[in-house]
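Working notes, structure below.
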Ligand SMILES: Cc1ncc(COP(=O)(O)O)c(C=O)c1O
């Protein structure tokens, strides 16, 4: 290497600063020394071409081992901050990279997920299930081997897909081959992948109105036209869909437990929806997000089960049956869509990671999943009863609270004549989380009320919060000169 000419001798002591924002606390001494040397060089405290002290001298100055100094110098040289010449020592490089601008503090505020009373999406995972899951994850990590080192099937681990196929048959009456199942990182991810395979940008997609706002956002975000289709006590009004979105190629529905209203799609409506799909050459995306939590009666057959997976794509998630942080969901595909959806998945993000999938398969196959469900279903039923009972008793007729026979949320409504702002005021005054029912509507005239989650919240907390919400609902009504009356 060419020696850089310099007239100045090495400084007797380098002006090193080994503390401060440029130093990573807890990093190795070599790394901290490297950071201090970089800072000194880019801030001009030593000039290009100046010699750096021999490693032994710098070790003495800093109290670090000589090895650490040698490592720091090697990294400086590799990164272009210094040059070395055999026999002559180490020098600051003739040209050094410009100092990187301080990263600006972002002004974007990302709201932390809410977990207060009535927040939706909270779940309780039983301690016994946590222990089993930990043990399964540990076992999978210890067995980590060749199958995890390479690119994998865009549909994810076959083992978990097979376990899901068994689960769907036993609890949802849905018969499918593991090859028809694709693992995703949740329902919205499944929605995005499937839509990208079956519709084109700008195509119409029917959505329930009111409906699940997150799904609607995904549809819009992907560049499709979300067509709001009203919902009544039988579910999505298919005839309205035919007029509002005559060219739609897909419909997103929650037939087993409509989100948020909680109605179950009637059999005539299901058949009408399937007829439309056949005639239009369209597909129905069935979001079966909470069917594992059925409190009364036998589980209902899924829409995909009735259709034998011809025109319906079934979407499920472990976000509620286990926990949202797992980020594992799945879809079951009609045979005719497997190739296109698999290609769409490969183009989007190749394939899902397989380590956690093994542990979830263990949960399902060992019975730990079913045992957890049985335990938490009991807790959620108690939470549902406590919430509905308190709201009914304390709102003095201001709120109507149908008790859902399934799911993890309920809807509490004012009389339809009540102004929407009453619900907003009461929710704010009570410091309640959950949603305003009106926020789930698109085009249909919204109803005043609340969407309240009860899963994953302690019963005493739910009861106290429900008392507050009921009280504030009565107060907000009274302020409008409206007596509380049966909603
Ligand atoms: C209607 C509906 N579908 C699906 C989900 C789950 O979505 P993901 O699997 O993407 O977490 C939720 C979660 O709250 C939901 O309310």
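The values are calculated or read from the model by the stated rules, or taken from the named source; none is laboratory data. Everything quoted here is computed from the prediction, not taken from an experiment. Note: ideal-geometry Cβ built from the backbone for every residue, glycine included; neighbour counts use all protein chains shown.
Only one of (1) surrounded by 21 or more Cβ atoms within 10 Å (Cβ to Cβ); (2) within 16 Å of the ligand (Cβ to nearest atom) fails for residue 361. Which number is that?
(2)
Restricting segment 445-460 to residues that are touching a residue at least 24 places away in the same chain (Cβ under 8 Å) and over 21 Å from residue 256 (Cα atoms), which is nearest to the ligand (Cβ to nearest atom)?
Going through the qualifying residues, I end up with 456.
Which numbered condition trips up residue 277, out of (1) buried (at least 18 other Cβ atoms within 10 Å of the Cβ); (2) closer than 20 Å to residue 163 by Cβ; (3) touching a helix residue (DSSP H, G or I) at 6+ places or on another chain (Cβ under 9 Å)?
(2)
For residue 220, state whether it is in contact with a strand residue (DSSP E or B) (Cβ under 6 Å, 6 or more places away or on another chain) and surrounded by fewer than 17 Cβ atoms within 10 Å (Cβ to Cβ).
Spelling it out, residue 220 is indeed in contact with a strand residue (DSSP E or B) (Cβ under 6 Å, 6 or more places away or on another chain) and surrounded by fewer than 17 Cβ atoms within 10 Å (Cβ to Cβ).
When you check residue 316 against the structure, is it within 12 Å of the ligand (Cβ to nearest atom) and surrounded by 24 or more Cβ atoms within 10 Å (Cβ to Cβ), yes or no?
Here the answer is yes, as residue 316 does meet what is asked.
Restricting attention to segment 223-236, which residues are surrounded by 20 or more Cβ atoms within 10 Å (Cβ to Cβ) and touching a helix residue (DSSP H, G or I) at 6+ places or on another chain (Cβ under 9 Å)?
If the condition is that a residue be surrounded by 20 or more Cβ atoms within 10 Å (Cβ to Cβ) and touching a helix residue (DSSP H, G or I) at 6+ places or on another chain (Cβ under 9 Å), then 224, 226, 227, 228, 229, 235, 236 are the ones that fit.
Tell me, which helices (runs of 4 or more DSSP H) lie completely within segment 155-255 with 1 or more residues that are within 16 Å of the ligand (Cβ to nearest atom)?
158-172, 187-198, 213-221
Does residue 284 satisfy being within 16 Å of the ligand (Cβ to nearest atom) and in a helix (DSSP H, G or I)?
no
Residue-by-condition table, conditions (1) away from the ligand (no atom under 14 Å from the Cβ); (2) within 16 Å of residue 207 (Cβ to Cβ); (3) in contact (Cβ under 8 Å) with a residue 12 or more places away in the chain:
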site: 270; (1), (2), (3): yes, no, yes
site: 273; (1), (2), (3): yes, yes, yes
site: 277; (1), (2), (3): yes, yes, yes
site: 290; (1), (2), (3): no, no, yes
site: 299; (1), (2), (3): yes, no, yes
site: 308; (1), (2), (3): yes, no, yes
site: 326; (1), (2), (3): no, no, yes
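Report whether or not residue 418 is touching a strand residue (DSSP E or B) at 6+ places or on another chain (Cβ under 6 Å), more than 16 Å from the ligand (Cβ to nearest atom) and modelled with pLDDT of 95 or more.
no
Residues in segment 387-406 that are surrounded by fewer than 19 Cβ atoms within 10 Å (Cβ to Cβ) and assigned to a helix (DSSP H, G or I): how many?
Total meeting the criteria: 4.
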